[in-house]
Number of protein chains: 2
Amino acid sequence: MPRITVLAGGVGGARFTRGLLAELERRHPDPAERPEVTVVVNTGDDMWLNGLRVCPDLDTVMYTLGGGIDEGQGWGRPEESKRTSAEIAAYGRGWPWFTLGDLDLATHIVRSELLRGGATLSEATEVLCRRWTPGACLLPMSDQPVETHVRLAADADEHRSGDLVHFEEWWVRYRASVPASGFEQLGVEGATPAPGVLEAIAQSDVVILPPSNPVVSVGTILGVPGIRDALVTTSARVVGVSPIIGGAAVRGMADQCLRTIGVETSALAVGLHYGSRATGGVLDAWLVDETDAAAVPPLEAAGVSSSAVPLWMRDPASTAALAGAALDHAARV
Amino acid sequence: MPRITVLAGGVGGARFTRGLLAELERRHPDPAERPEVTVVVNTGDDMWLNGLRVCPDLDTVMYTLGGGIDEGQGWGRPEESKRTSAEIAAYGRGWPWFTLGDLDLATHIVRSELLRGGATLSEATEVLCRRWTPGACLLPMSDQPVETHVRLAADADEHRSGDLVHFEEWWVRYRASVPASGFEQLGVEGATPAPGVLEAIAQSDVVILPPSNPVVSVGTILGVPGIRDALVTTSARVVGVSPIIGGAAVRGMADQCLRTIGVETSALAVGLHYGSRATGGVLDAWLVDETDAAAVPPLEAAGVSSSAVPLWMRDPASTAALAGAALDHAARV
């Protein structure tokens, strides 16, 4: 049975994976012959908020694959009420700029109770997925808390240069508009990949880096000791899909993240940042958008097989086609 | 400055206290001359539910005095949504028969976070009350968890004779319809009255037992080591208001509770159950309803000053009048 592993952040990774599952279903109508998909999900955005463990990317992937996502905003559940959040704010508690919807809240309550009862994040995720049946195995990158923090670079409002804030504060509260000097993965030194992560990468035929944020999603996953090495040594073909089209992030604020680590916001630069497995990087192949076709020759020259295909995930059909292109390219490498 | 202490359970105690505060405001328009009121609240119904600390009586008193109560049902907030509870149930977690409204839920989330952060229940209650400004000092009977459990007496559905269940399970799930052989206050041996409880009782001019459940509300408070003794020795006048009118509980299922401890459901029997302070009980006086006027002579004969007054708390005016009658009777003892 062929296996496929995806290293995913939130919205982009979730939508890509949904397209991948649709494409696999189309290509393999018999479920017994359909490749198994494992999604290794970034947990660097996780946080304790009001005593609840919130896992933004795990939930976005779970809801998206399970049919429970708010399609418009890309995260949370459809038509949520903010009444509970407003009540918490009325008590003067929590982060008023980070709102939890009333349906989503139940996920955090159940997960937090499981974690406090001694379950690992992997185990809690499995319990939650029993309800959502996402059609893929969702694994947190690690069962240990590894929380991305942002080192602020410049004075901004009440913050001083050099302050370290949780990634979600920088991302949601400041919309990544406060210059940063770097990212720190608090807790990463003692973290290990969650059970099954290294095995999934080692035993897959194809590993896909979907169009997730290369710094604070895929980059965070690669920062967990052992995961980058697993990508370097796996016999799988590793195919990435550029999250940058025409010099701009498809979604979110990847440009601010790339600027912070000194990488240009371009499909070429991100591909070279990941690098060729032939020279210690993690990529066999890198898909760029048709508008970035000029990036193909220099990528090939750097040892990264590349092709220019339509990258916009406009709808289920175009997303499935993109996933199919990634699979087809992997088969050609 | 005169002081008044009330030992309260949920709805009955909360509504009586609201009437008391209104009556005190009417009698003492100058806030500087108005007696201070302390409400010692039963916490025997408290529980951890889905990792959240739920304190039914504290919240009922806080919401009622703070203007945030659902007047129709007597507990919770008005017009709550049950969507979050339904989501938790969809995960197969929690008690499906115990629903938390979406507004009320915020109170539990904030309290649980405070408790996990090291606050005592007294301190957490004070933080919550900053928002609700209930006009009285709310004290939990104890900062230690003392949870009332019910020893089931007879076979009933999936339960076996002798099982011990949380009070809320017996009360809410079984509507107290499963015969019980007794109540147990788990944790009571090591519990002490919360800071301020004994002082409030000792320094009050009047202590009132409002028409709360004499077994699982007031009885539970009296079970905390030191509180009954404080009532016996205080220089305050201790006045109780019967929760039984015409042989039936004004509200709730007090008759099942009384039956369990072998006390008849009558204003007389409950008054005698509390007993006269002259003979080791806790009452100086006991108010019964006009329909129970026949109970006055035997109560007086037992050393409990008694009078028959209108006990039904039909509206704010009748409730304030009842509180006034309790104060007036205390002044005459």
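Side notes on the structure shown:
- Summing +1 for each Lys or Arg and -1 for each Asp or Glu among the other residues whose beta-carbon sits under 12 angstrom from that of A:Thr64 gives -1.
- Based on Cα contacts under 8 Å between residues 6+ apart, segment B:1-128 shows a relative contact order of 21 percent.
- Low-density loop positions, chymotrypsin sites (Phe, Trp or Tyr not before Pro), segment A:1-106 - DSSP coil, at most 14 other Cβ in 10 Å: A:Trp97
- Residue separation of B:Ala89 and B:Arg116 scaled by 0.36 nm, minus their Cα-Cα distance, works out to 7.3 nm of gained length.
- For segment A:167-185 and segment B:223-237, distance of Cα centres in Å: 57 Å
- Cβ-vector label at 7 Å, A:Gly67, separations to other copies in nm: 4.7
- Overall form of segment A:221-333 per C-alpha gyration tensor (a/c, 1.5; a/b vs b/c): rounded
- Each 20 Å bin from 0 upward holds the following percent of the Cα-Cα pairs of chain A: 32, 60, 8.
- Given 11 as the ceiling on other Cβ atoms within 10 Å, longest exposed-site-free region of chain B for GluC sites (Glu not before Pro) in DSSP loops: B:190-333
- Looking down the axis that turns chain A into chain B, the chain A residue with its beta carbon nearest that axis, and the gap rounded to whole angstrom, comes out as A:Asp102, 3.
- Gyration tensor verdict on the protein assembly as shown (Cα atoms; rounded if a/c is under 1.5, prolate if a/b is larger than b/c, oblate otherwise): prolate
- Estimated FRET transfer efficiency (A:Ser81, A:Asp315; beta-carbon r; R0 22 Å; 0.05): 0.15
- Net charge over other residues, Cβ less than 13 angstrom from the Cβ of A:Ser266 (K, R count +1; D, E count -1): -3
- Charged side chains reduced to their Cβ positions (Lys and Arg at +1, Asp and Glu at -1) give chain A a dipole of some 160 debye around its Cα centre.
- Taking the label point 7 Å along Cα→Cβ, B:Thr279 and its counterparts in the other copies are spaced 9.9 nm apart, in ascending order.
- Here is how far apart the A:Thr192 label points are across copies: 4.4 nm, shortest first, using a point 7 Å from Cα toward Cβ.
- Net charge of the neighbourhood of A:Ala89, taken over other residues with C-beta under 11 Å away and scored Lys/Arg +1, Asp/Glu -1, is +3.
- Estimated dipole of the protein assembly as shown in Debye, rounded to 20 [Cβ of Lys and Arg +1, of Asp and Glu -1, Cα centre]: 80 debye
- Residues of segment A:281-323 with an amide N closer than 15 Å to a point placed 7 Å from the Cα of A:Ala331 along the Cα-to-Cβ direction: A:321-323.
- Additional length obtainable on full extension of the chain from A:Ser177 to A:Glu300, 0.36 nm per residue less Cα span: 40.8 nm
- Cα gyration tensor, segment A:269-333 - rounded (a/c under 1.5), prolate or oblate: prolate
- Sequence-distant contacts, meaning Cα pairs under 8 Å at least 6 residues apart, place the relative contact order of chain A at 18 percent.
- Under the combined filter of DSSP loop state and at most 10 neighbouring Cβ atoms within 10 Å, segment A:95-160 retains these trypsin sites (Lys or Arg not before Pro): A:Arg160.
- Taken as Cα centroids, segment A:51-92 and segment B:1-75 sit 34 Å apart, rounded to the nearest whole angstrom.
- Estimated 222 nm signal from helices in chain A, with DSSP H stretches of n ≥ 4 weighted -39500 (n - 2.57), rounded to 500: -10500 deg cm²/dmol
- Assuming charge only on the beta carbon of Lys and Arg (+1) and of Asp and Glu (-1), the dipole of segment A:1-143 about its Cα centre is about 40 debye to the nearest 20.
- Rounded FRET efficiency, nearest 0.05, which uses the C-beta distance separating A:Arg251 from A:Ala202 and R0 of 30 Å: 0.50
Here, each number is a calculation from the coordinates, and none is a lab measurement. Please read these numbers as outputs of a predicted model, since none were measured by experiment. So basically every Cβ, Gly included, is an ideal-geometry build from the backbone, and we count neighbours across all protein chains shown.
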